[in-house]
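Quick notes on the structure that follows.
The values are calculated or read from the model by the stated rules, or taken from the named source; none is laboratory data. Nothing here was measured: the structure is a model prediction, and the numbers come from that model. Every residue, glycine among them, receives a Cβ derived from its backbone with ideal geometry; neighbour counts consider all protein chains shown. SASA here: full protein model, heavy atoms, side chains in, ligands and nucleic acids out. Shrake-Rupley method; radii C 1.70, N 1.55, O 1.52, S 1.80 Å.
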Amino acid sequence: MMDTFLVEPTQEYKREYLEMIAEWRNTKEKMVPFVLRSDPTDYETFLMEMEDLKTGRNLTHLKVKSSTFWLVRSDRTVLGAVNVRHELSQRLLEVGGHIGYGIRPSERKKGYASRILALGLEEARKLGIRRVLVTCDKENTGSAKTIMKNGGVLESEADLDGIPIERYWIELD
């Protein structure tokens with residue numbers, strides 16, 4: 001596996017990000033985390049939306065402050081995204097959690113999910129979050145293994161619009 005690192009959404013990786021989004025959309029599967037579903041057609045507006053999430057400006061009642069990062073490989077390929085919520089609303093405490101992450105379809109099963117979650121946990125630590133909630137669909141055993149590999153302990157299950165969700169806590173030191 002080549003070197004990987006996190007970057008905040010920038011103009012520098014626009015082409016690579018749009019390539020990832022196009023690949024993901026071609027699969028017709030739901031893109032996770034939610035920020036990947038933002039329309040990047042007007043890329044400048046997209047970048048402003050990511051900045052608004054980070055600073056807490058112009059948030060709707062359904063959103064909380066959060067930081068978004070892309071996992072980038074040393075060859076400039078954008079592999080996935082992680083969104084770290086600075087705080088939890090009641091709804092996020094029940095079914096969303098602090099961290100959402102996803103890896104583009106062609107790069108799965110290569111260890112990148114564990115890497116992006118580990119780096120997302122580092123970002124949570126920088127924000128002063130010491131106990132991190134991460135959730136996944138119960139049927140997503142790959143994600144559950146990734147969460148447990150990063151120290152996740154299953155606390156409970158919940159229901160998100162008829163979909164069973166597992167809730168894991170990760171203690172940070």
Karplus (6.51, -1.76, 1.60) ³J(HN,Hα), θ = phi - 60°, over region 79-90, in Hz, Gly and Pro reported as x: 8, x, 9, 10, 10, 10, 7, 6, 7, 10, 7, 4
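With the full set of protein chains in place, find how many percent of the accessible area of the chain is carbon and sulfur; take the probe as 1.4 Å. Please report the intermediate quantities before stating the final value.
Working: 4640 of 9130 Å².
Ligands and nucleic acids excluded, carbon and sulfur reach 51 percent.
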GNM on the chain, Cα springs under 10 Å; top mean-square fluctuation among Val153, Val134, Val84 goes to Val153
Quick check: pseudo-label points 7 Å beyond the Cα along Cα→Cβ at Asp42 and Arg108, how many nm apart are they? 3.3 nm
Rg and Dmax of the chain over Cα atoms: what are they, in angstrom? 15.2, 41
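So for the chain, averaging the separation of alpha carbon pairs under 8 Å that are six or more residues apart and normalising by length, what relative contact order in percent results?
On the way: 288 pairs, mean separation 32.0, N = 173.
With pairs under 8 Å counted, the relative contact order is 19 percent.
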Whole-percent pair-distance distribution, where bins are 5 Å wide, for the alpha carbons of region 90-173: 3, 15, 27, 25, 18, 10, 2
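Mind checking the per residue accessible area of region 29-161 for me, 1.4 Å probe, whole number of Å²?
Details: 6720 Å² over 133 residues.
Computed with neighbouring chains in place, this is 51 Å² per residue.
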So, in nm, how far is label Thr27 from label Arg15 when the simple model puts each one 7 Å beyond its Cα toward the Cβ? 2.4 nm
Unit charges on C-beta of K, R, D, E only; dipole of the chain, Debye: 280 debye
Between Leu160 and Lys138, what is the spin-label point distance in nm, taking each point 7 Å from the Cα along the Cα→C-beta axis? 1.4 nm
Efficiency of FRET from Cβ geometry, Leu59 and Arg131, R₀ 35 Å, rounded to 0.05: 0.90
